[in-house]
Structures are given as C-alpha cells and as structure tokens.
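Q: Take this structure first; my questions come after.
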Amino acid sequence: MNKKVFYDSIISMGFTIVTSVVLVTLVLFSRIVLKIDNVLLTLTVPTIVSLVIVPYVISKISGTVTMSFKLDDRNKIILMIFFFSLFAFVYVGSENINLPTNQKIIIIIHFLMIAFAEEFFYRYFIFNIISQNARCVHTVIITSLIFAFVGHISEPFLDNLLYRLPLGILFSVIRVWSKSISVPTVIHAIYNLLIII
C-alpha cells in the first residue's frame, strides 16, 4: 500500500471517529438533556446529522470529496420498486411485529434513513476519499474494514468480522457495479428490516 492510500485511510478513520463522537453526543443530548423518547428524533436525526450533514460540510470546507448526485433511470426504477416493496412490507410482511401501522412506518423510515446515512458515509464519502489513490479492490477492502471495525467499534469483534465485514464488501461491490449508492442503500435497508422480523 502506498503512502497516499495509507494517509487517506487514516483520514477516513479519523472522519469515522469524528462522526461517531458527533452521533453519540447528539443521541445523549436528545435523550438526557431534551428527554426525547422518539426513535426518529433520538437516533435517526443524529445519524443523518453525523453521517450525512457533517461529512458534507467537511467536504465543502476542505474540498476532500466532490459531491455530485446523479440518479439514472435504472436507479430510479430500483428505488420505486423498493419503496413499493417497503410499504407492502408494512401491510403483509410485518404481521409478526405486534405494533400499530404508524409505528411500523416509523421503523421503516428509521431503517431506510440509517441505511442511507451509512451508505452515504461509507460507500460515498469514505469510498471516494480512498478511491482517489487506491485501486478499486483496495478501496472496497479498506472501506469495508472501516465500516465493520471503526464504524461499529462498540459491537462484538466476531459480529463485525462475520457479519459487517462481508456486508461491507457486498455493499461496496454493489456500489461499484451500480456506480451509485442507491442500490446498496436499498439492499442495506432491506437487510436491516429483515433482521427485525
């Protein structure tokens, strides 16, 4: 690994640590100081702030990553199918979850936003930093390692090794194949929803 790739990896891990500190601070602030007990306000919003807004602002200030979002027709179709499937899940696939429909919709929105935030941060922001100086294979591996072991540092090592690392590789490969984060976001959200059923 050349020095520039190593340097980019260290910067990416630093960004991950900064966003994690922001996330924990916002979650604690909303729960302890504001005494909010709503998953969208205590976890979803802080995640969006820490994994989307903070990296966006950092990239605008530092010029680290050029932000551009283009959604081609194929990805638009995939997203439409996903949203249709997602809301069908509320009425058909979630019968085992004993919650009112409005709470099921909140859970779906939460997992969709979490998936988007993680994909934006790891498969867009971090991926683009690493890919500036690394080959595609190295970018996939480094991004996946950061996702699994730095981004989920509070989780058990074995879980990160057996679940999050392979998922990180899968999501990164899909991101390369689709040239977008929309497809891995959809798959990530579906995975998150499937593990709660």
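The values are calculated or read from the model by the stated rules, or taken from the named source; none is laboratory data. None of the values given here were measured: they were computed from a predicted structure. Here the Cβ is made from the backbone with ideal geometry for all residues, glycine too, and neighbour counts use every protein chain on show.
Q: Has the range 22-40 got at least one residue that is modelled with pLDDT under 85 and in a helix (DSSP H, G or I)?
A: The answer is yes, given that some residue of the range 22-40 is modelled with pLDDT under 85 and in a helix (DSSP H, G or I).
Q: Another one. Can you pull out every residue in the range 29-40 that is among the aliphatic types (A, V, I, L, M) and more than 19 Å from Asn192 (Cα to Cα)?
A: Within the range 29-40, the first condition is being among the aliphatic types (A, V, I, L, M), and the residues that meet it are 32-34, 36, 39-40.
Once the filter is applied, which keeps residues that are among the aliphatic types (A, V, I, L, M) and more than 19 Å from Asn192 (Cα to Cα), the range 29-40 yields Ile32, Val33, Leu34, Ile36.
Let's see how each residue does on (1) crowded, with 18+ Cβ neighbours inside 10 Å; (2) within 19 Å of Pro166 (Cα to Cα); (3) in contact with an Asp or Glu (Cβ under 6 Å, 6 or more places away or on another chain):
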| site | (1), (2), (3) |
| --- | --- |
| Leu99 | no, no, no |
| Phe111 | yes, no, no |
| Ala115 | yes, yes, no |
| Ile141 | no, yes, no |
| Ser144 | yes, yes, no |
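Q: Of everything in the range 151-197, what is small (Gly, Ala, Ser) and surrounded by fewer than 16 Cβ atoms within 10 Å (Cβ to Cβ)? Give them in sequence order. Lay out the reasoning, then the answer.
A: Initial filter on the range 151-197 (small (Gly, Ala, Ser)): 151, 154, 168, 172, 178, 180, 182, 189.
Ser154, the sole residue that qualifies.
Q: Filter the range 41-71 down to the residues that are surrounded by 10 or more Cβ atoms within 10 Å (Cβ to Cβ), under 22 Å from Ile187 (Cα atoms) and at pLDDT below 70 and list them by number.
A: Passing the criteria: only Leu71.
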